[in-house]
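See below for the structure under consideration.
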Amino acid sequence: MGAAPEDFAARVTAWQAVHGRNTLPWQNTRDPYRVWLSEIMLQQTQVATVLDYFPRFLGRLPDVQTLAAAPADVVLELWSGLGYYSRARNLHACAQAVVERFGGVFPHSAALLETLPGIGRSTAAAIASFCFGERAAILDANVKRVLTRVLGYGADLARPAAERALWEIATDLLPRGDAAGLATAMPRYTQGLMDLGAVVCLAKKPNCLLCPVQDVCVAQREGRQSAYPVKTKTLKRSSASWWLLVARGPAGRVWLERRPATGIWAGLHCTPVFADHAALVAGLAAQTGGKGGAQVEPRELPAFLHVLTHRDLYLHPVLAEVAVPWPDTAEGRWAAPVDWAAIGLPAPVRKLLDGAL
Ligand code: SF4
């Protein structure tokens, strides 16, 4: 990972002043009601759409007290068409909380703002930095893209520790100075990062030639812009039932086959696996080919659960006594109990063979 230059914040703020967006209706104000309303509307919604809704909403509900006192139907009606209606319900609840808990005045710190309904860490930081000049970092999806590319930050943001570390870096990069300086620099810097993410460092085709940090950007230097940010999807847990044929021949030998090279227990030896009981019985019949005449009826052993990282495996062993073993092959062989220890067996299969037989 690279290090951002010391003048990172200065570059972003200088660029924003000249090339950024400075005339949107929710800018050039330190009124937290307007800033908050615009931030919530802009989540998952295009600027062009918000340009239409924002003035209409303000026209009917011009301040936090009016919003708090409005019937829920009025709020939902003004929101109608913006989608994600939980935002509207949270907006209403947040206005009521501001009135009830803070006497109708938005708190001035990101930490307190974050305690209000519907205000996450990044939104709280945006309001605090725009309205009160607080040195608080935003880290929405656009800003994550900008920072991870500039830094070549390749840690997986699906991991909470990696995301926490990026918050720390984002905080470290913020402008520094006294309160008066931050009152000007913080809104400019915060807006600059938002603008970079929205109009320059685009997800698919970043306009690196127009970027104020292109000469220090790791992703641009390596031509690997699309590699950042790294975020794997959280895998959902799934479950499966496997039927294990424990075929036991003379001298306690058990038939073991090598698992395929990929997938669960790849390359290990294992009892044959079937999707259900009927398939197991058919598989056994195919193996014995009528030569297992002395074989008794297969017997189900107690089923048990084996927990893998992303899957619950319900294992159903079935014991079959085989009087006349079929020949060893390239894929499988009859293994005596003394050999099991030296064979690569999945742990639950080893337990099964050691305990159940
Ligand atoms: Fe994004 Fe390109 Fe700027 Fe790097 S140089 S931050 S990839 S726009």
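The values are calculated or read from the model by the stated rules, or taken from the named source; none is laboratory data. If you're wondering where the values come from, they're calculated on a predicted model, not measured in any experiment. So basically every Cβ, Gly included, is an ideal-geometry build from the backbone, and we count neighbours across all protein chains shown.
Any chance you could count how many residues in region 67-113 are β-branched (Val, Ile, Thr), in contact with a Lys or Arg (Cβ under 8 Å, 6 or more places away or on another chain) and at pLDDT 95 or above?
Result for region 67-113: 0.
Quickly run through region 212-229 and pick out the residues that are outside any helix (DSSP H, G or I) and among the aliphatic types (A, V, I, L, M).
Selection gives VAL213 alone.
Looking for something in a helix (DSSP H, G or I), touching a Pro at 6+ places or on another chain (Cβ under 7 Å) and surrounded by 12 or more Cβ atoms within 10 Å (Cβ to Cβ) - is there at least one such residue anywhere in region 15-32?
Yes, there is a match, as at least one residue in region 15-32 is in a helix (DSSP H, G or I), touching a Pro at 6+ places or on another chain (Cβ under 7 Å) and surrounded by 12 or more Cβ atoms within 10 Å (Cβ to Cβ).
With respect to the numbered conditions (1) assigned to a loop (DSSP other than H, G, I, E, B); (2) exposed (fewer than 13 other Cβ atoms within 10 Å of the Cβ), which one is the sole condition not fulfilled by GLY344?
(2)
This table checks each residue for (1) surrounded by 20 or more Cβ atoms within 10 Å (Cβ to Cβ); (2) over 28 Å from LYS233 (Cα atoms); (3) within 16 Å of the ligand (Cβ to nearest atom); (4) not basic (Lys, Arg).
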site: ARG87; (1), (2), (3), (4): no, no, no, no
site: GLN96; (1), (2), (3), (4): no, yes, no, yes
site: ARG101; (1), (2), (3), (4): no, yes, no, no
site: GLY120; (1), (2), (3), (4): no, no, no, yes
site: PRO160; (1), (2), (3), (4): no, no, no, yes
site: GLU163; (1), (2), (3), (4): no, no, no, yes
site: ARG176; (1), (2), (3), (4): no, yes, no, no
site: ALA179; (1), (2), (3), (4): no, yes, no, yes
site: TYR189; (1), (2), (3), (4): yes, yes, yes, yes
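Test of understanding: among LEU209, LEU202, which residue is in a loop (DSSP other than H, G, I, E, B), surrounded by fewer than 18 Cβ atoms within 10 Å (Cβ to Cβ) and among the hydrophobic types (A, V, I, L, M, F, W, C)?
LEU202
How many residues are among the hydrophobic types (A, V, I, L, M, F, W, C) and either touching a Gly at 6+ places or on another chain (Cβ under 6 Å) or free of Cβ contacts under 8 Å to residues at least 60 places away in the same chain (or both) if we restrict to region 120-138?
Counting residues in region 120-138 that are among the hydrophobic types (A, V, I, L, M, F, W, C) and either touching a Gly at 6+ places or on another chain (Cβ under 6 Å) or free of Cβ contacts under 8 Å to residues at least 60 places away in the same chain (or both) gives 5.
Look through VAL200, VAL230 and report the one residue that is touching a Cys at 6+ places or on another chain (Cβ under 8 Å) and either within 12 Å of the ligand (Cβ to nearest atom) or over 28 Å from LEU313 (Cβ atoms) (or both).
Step by step, each of VAL200, VAL230 is checked, and only VAL200 is touching a Cys at 6+ places or on another chain (Cβ under 8 Å) and either within 12 Å of the ligand (Cβ to nearest atom) or over 28 Å from LEU313 (Cβ atoms) (or both).
So in region 244-273, with the set limited to residues that are among the β-branched types (Val, Ile, Thr), assigned to a loop (DSSP other than H, G, I, E, B) and surrounded by fewer than 21 Cβ atoms within 10 Å (Cβ to Cβ), which one is modelled with the lowest pLDDT?
THR262
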